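Asker: A single structure is presented below for examination.
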Amino acid sequence: MNALIKIALVDDEVLFRKGIAFLLQREENIEIIFEASNGEELITKLDNSEVKPDIIIMDLKMPILNGVEATKIIRKSYPDIKIIALTSYDTKSFIANMIQVGAVAYLIKNTTPKDLIKTINEVNKKGFYYNESVLKTIQETIVSSKNSTKGNLETSFLSPREIEILQLICKQKTTSEIAEHLFLSPRTVEGHRNNLLLKTESRNIAGLVVYAIQNEIAVLTL
C-alpha cells in the first residue's frame, strides 16, 4: 500500500475550505493533517507540528499573510513541501507570480473535483503538474519576459544526458518512466536531476521546467 499523501489546506473562506477537506477525505490515499485560515497561521502550524504535509493547497488572497508571501517563506524554510495554488484569480500575472515564487501547480477554484485530485496525485508523483492553460502562461509570460531582458541563457554546462533528462521532465515523466526510457536506474536519474537543480540554481522541478523553456531546451506538453 502506498503511503498517504499528507495535505494542509489554507484558505480564509471556511465553507470552501471545509468543502475541499470533505472531498479529499473521501480519497483513500489522502490525509488532511491540518487547516489554516491565512499564511501566518500556516507558518505557525508548520513550525509547531512534528508531522509536516507533503503538499499545501494554498489560496492567494488571505488576510495577515497572503498566499504569495507564505509561499516564499515556505520555499526557504521547508523546501521539500510542495505548494498547489488554488485560487479564484486566473490572470496571467497571478499565475506567473505564483510559479516564479515556487508553486508547483496552479488551479482555479471552479476546477472540477476530478482535476483537483488528479493534480494532487501528479504533484505527489512527479513533483509538479501544470495543465494546458498554465503551460501556455509559462511560455507566454515567464519565458518571453526573461528572453526580452536577458536573451538566451547559458546551457553549455549541461551534459547531453542532463539535457535529455530535462526534456523528459518537461514531458511530465516520472523518475521511473525516465529511467525505463533511458535504460538507467532510478537512482541514476535522481542523481542527474539533483545535478540539474544545482547547475541551473532551480529551487524545484517546476523551476527546472521554466529554465528549460527559457533556454528552448524543451517545449512543455501535457
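Asker: Got a sec? Which of E69, E28, E50 is in a helix (DSSP H, G or I) and either among the charged types (D, E, K, R) or open to solvent by 20 Å² or more (accessible area, probe 1.4 Å) (or both)? Before you say what the answer is, go through the steps one by one.
Answerer: Working: E28 fails: in a helix (DSSP H, G or I); E50 fails: in a helix (DSSP H, G or I).
Answer to the selection: E69.
Asker: Where the second residue is in a loop (DSSP other than H, G, I, E, B) and of a type in the set (D, E) and the first is under 12 Å from I56 (Cβ atoms) and lies in segment 1-29, which pairs have Cβ atoms under 7 Å and are six or more apart or on separate chains?
Answerer: Taking only residues 6 or more apart or on different chains, the pairs are I5/D54; K6/D54; V10/D59; D11/D59.
Asker: Filter segment 1-20 down to the residues that are surrounded by fewer than 17 Cβ atoms within 10 Å (Cβ to Cβ) and assigned to a helix (DSSP H, G or I) and list them by number.
Answerer: V14, L15, F16, K18, G19
Asker: Further question on the same structure: Restricting to segment 87-132, name every residue that is in a loop (DSSP other than H, G, I, E, B) and surrounded by 16 or more Cβ atoms within 10 Å (Cβ to Cβ).
Answerer: Y89, G102, A103, V104, G127, F128, Y129, Y130, N131
Asker: Quick check, is I84 surrounded by 17 or more Cβ atoms within 10 Å (Cβ to Cβ) and in a strand (DSSP E or B)? Even if it seems obvious, please write down each step before you answer.
Answerer: On the way: surrounded by 17 or more Cβ atoms within 10 Å (Cβ to Cβ): yes; in a strand (DSSP E or B): yes.
Taking the combined requirement at face value, the residue satisfies it.
Asker: Right, next: Within the group T91, T71, which residue is hydroxyl-bearing (S, T, Y) and without any contact (Cβ under 8 Å) to a residue 12 or more places away in the chain? Please lay out each step first, then the result.
Answerer: Working: T71 fails: without any contact (Cβ under 8 Å) to a residue 12 or more places away in the chain.
Just a single option satisfies the conditions, and that option is T91.
Asker: Which count do you get for residues in segment 1-36 that are of a type in the set (D, E) and closer than 18 Å to K82 by Cα?
Answerer: 3
The values are calculated or read from the model by the stated rules, or taken from the named source; none is laboratory data. Only a predicted model underlies this, so the values are computations on that prediction, with no experimental measurement involved. When we count neighbours, we look across all protein chains shown, and the Cβ atoms used for this are built from the backbone with ideal geometry, even at glycine. Keep in mind that these areas ignore ligands, DNA and RNA; they rest on the heavy atoms of the full protein, side chains included. Shrake-Rupley method; radii C 1.70, N 1.55, O 1.52, S 1.80 Å.
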